[in-house]
Every structure is written in structure tokens, then in C-alpha cells.
Amino acid sequence: MASLVINESSKGLSSRRVLIFDLYGTLVDWRMSIGSFITLYAGREFVDLFFECDIREVAHYRPYSEVLSTCIREVLRVAGVEASQELVEAFILSFAKSPPFPDTIHGLMVLRKQGFKVAVLSNTERRLIDTTLCGFKHLFNNIITAEDVKAYKPSIDAFKQAYRILGVEPREVVHVSAYPQYDLIPASRLGAGTVLLDRGLGYNWSTRVKSLHELSLILSSSIDQ
């Protein structure tokens with residue numbers, strides 16, 4: 001393994017003892033779940049259409065299951081496939097069953113052992129996230145959804161409401177996400193620490209890690225800087 005490089009932007013992150021994670025795409029592989037489902041029932045060429053719809057539909061709050069239903073129905077309509085109620089419900093459940101990335105569960109355990117408070121802020125709803133986190137929900141100190149804050153990221157209000165629920169100030173927080181545009185940019189504007197968890201989506205950020213293992217090393221190493 002290559003030696004760990006601690007850059008200037010990552011120094012001092014360990015003094016922020018609250019880690020807030022994005023969930024879908026950061027800790028669990030929703031692109032695999034959604035992509036596999038749409039490829040099977042509509043065709044691979046329609047996968048991007050879903051994500052374009054998702055971006056558009058979260059501009060204003062409504063339950064995320066309604067967003068999922070709208071977007072899969074749009075995909076199926078364009079693909080010329082009948083959107084039966086059973087197929088739509090199966091898609092929503094398949095999304096909710098998105099599996100954790102291989103580094104997720106052990107990484108969360110290590111971060112908890114290091115003394116960090118671990119939370120999730122996710123663009124979803126309680127019913128769905130309970131399914132997603134079944135079996136490892138206990139690894140989080142707090143779970144906050146768009147349903148709780150009545151706003152979707154990247155709305156600044158979603159972050160402010162999350163801080164209020166957690167009882168913290170931005171200076172106490174590190175946000176970890178695979179998506180700069182949804183999490184890292186708005187969080188950094190509020191004064192929170194930020195880390196890109198690189199899941200191969202082509203994004204860059206001042207502090208970037210490839211896994212939760214690497215994140216734990218950076219946080220523990222920055223204690224000694």
C-alpha cells in the first residue's frame with residue numbers, strides 16, 4: 001500500500017468529532033441497484049435518464065418514494081415498457097436494498113472506535129432508509145433524512161436543520177460524500193470540514209480518499225500533525 005499523504009487541507013479534521021455521511025452513492029451502491037434494474041427492464045441506454053430525472057425532481061421537497069416513482073415511470077414510458085404498479089414498487093424496494101460498498105461496515109466500526117460521532121444526512125425518507133440500513137443501522141449515532149428536514153440537499157436549509165437536530169455547529173463537523181455538488185460545496189460554504197469519498201465518479205476535491213479505511217487513517221494521522 002502506498003504511504004499516506006496528509007495534505008494541508010486535511011490537517012485539523014480530527015478536531016471535528018462529528019462525521020456526517022451521505023448515504024446513497026457514498027456508503028451504499030445505489031448506482032448498481034438502479035442501473036441493474038433499469039438495464040434489465042428497459043435497457044442500459046435509459047439509466048442516465050433516471051439520474052437526470054432525479055436531479056430535476058429533488059429541486060423541491062416531496063416524499064422520496066414519489067420522486068422514485070415519477071422517475072422510473074418516466075424511464076419506462078420512454079423505453080416503451082408498461083409501468084405496472086408491481087414494477088414500480090419493485091424498483092423502489094430495489095433502490096432501498098442498495099448494498100453497502102465493501103469498505104463501509106468495517107470503516108464505520110473503526111471510525112466509531114476512534115471516538116467519532118457518526119451520522120447520515122440523506123435525500124430519502126425514513127421507510128426507505130430503514131430498509132437500506134437493516135443490519136448496520138446501529139453503527140450510526142444519528143440518521144437524518146429529507147423527510148425529517150423537509151428539504152433536499154444541496155439546499156442549505158437541509159444542512160442547517162441537520163445541525164440543529166444534532167446540536168452542533170458547522171465547525172464541529174466533517175461531511176463525507178462522493179458528490180461535491182450535493183454535499184461538499186454547500187457544507188464548505190457553511191464552514192464545515194469536507195472530504196470526498198471517491199467512488200469512481202470522476203470528481204475531485206481538496207481532501208479525497210478512496211475508502212473509509214483511508215479516511216480513518218487521515219483522521220488519526222491528522223491528530224499528530
> What does the charge dipole of region 146-225 about its Cα centre add up to, to the nearest 20 debye, if the Cβ of each Lys and Arg holds +1 and the Cβ of each Asp and Glu holds -1?
Replying inline: 200 debye
> Using the count of nearby Cβ atoms within 10 Å as a rough guide to exposure, how do Thr145, Thr70 rank from fewest to most?
Replying inline: Thr70, Thr145
>> At R0 = 22 Å, how high is the FRET efficiency between His106 and Tyr203 if r is their beta carbon distance? Nearest 0.05 is fine.
In response: 0.40
> What cysteines in the chain have no other cysteine with a beta carbon less than 4.7 Å from their beta carbon?
Replying inline: Cys134
>> Taking the beta-carbon count within 10 Å as an exposure proxy, list Trp30, Trp205 from fewest neighbours to most.
In response: Trp205, Trp30
>> Using a Gaussian network model on the chain with a 10 Å cutoff between Cα atoms, which of Asp148, Asp22, Asp183 fluctuates the most?
In response: Asp148
>> Suppose every Lys and Arg Cβ carries +1 and every Asp and Glu Cβ carries -1, with no other charges. What dipole size does region 29-102 come out with about its Cα centre, to the nearest 20 debye?
In response: 80 debye
> What do the square roots of 5 times the Cα gyration tensor eigenvalues come to for the chain, in whole Å, largest first, as semi-axes of the equivalent ellipsoid?
Replying inline: 31, 18, 16
> Which trypsin sites (Lys or Arg not before Pro) from region 141-211 combine a DSSP loop assignment with at most 13 other Cβ atoms within 10 Å?
Replying inline: Lys150, Lys210
> For region 60-207, how many pairs of lysine residues have a Cα-Cα distance under 26 Å, where the two are 8 or more positions apart or belong to different chains?
Replying inline: 13
> In whole Hz, what ³J(HN,Hα) sequence does region 56-61 give by Karplus (6.51, -1.76, 1.60; θ = phi - 60°), x for Gly and Pro?
Replying inline: 5, 6, 8, 5, 9, 6
> Where is the GNM fluctuation largest for the chain (alpha-carbon springs, 10 angstrom cutoff): Ile55, Ile92, Ile143?
Replying inline: Ile55
> How big is the charge dipole of the chain about its Cα centre, in debye rounded to the nearest 20, if each Lys and Arg gets +1 on its Cβ and each Asp and Glu gets -1 on its Cβ?
Replying inline: 680 debye
> Between rounded, prolate and oblate, where does region 30-96 land on the alpha carbon gyration tensor, with a ≥ b ≥ c its root eigenvalues, rounded for a/c under 1.5, else prolate if a/b exceeds b/c?
Replying inline: rounded
>> Given 4 °C and 1.567 mPa s, compute D for region 123-225 with the Stokes-Einstein relation, Rh being the Kirkwood radius over Cα pairs; round to the nearest whole µm²/s.
In response: 88 µm²/s
> Going by how many other Cβ atoms sit within 10 Å of their own, how do Tyr61, Tyr24, Tyr163 line up, fewest first?
Replying inline: Tyr61, Tyr163, Tyr24
> Could you give the distance between the Cα centres of region 87-106 and region 152-192, to the whole Å?
Replying inline: 24 Å
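Every number in this text was worked out from the coordinates using simple rules, so none of it is lab data. The structure presented is a predicted model; accordingly, all values stated were derived computationally and were not measured. All Cβ positions, glycine included, derive from the backbone under ideal geometry; neighbour counts span all protein chains shown.
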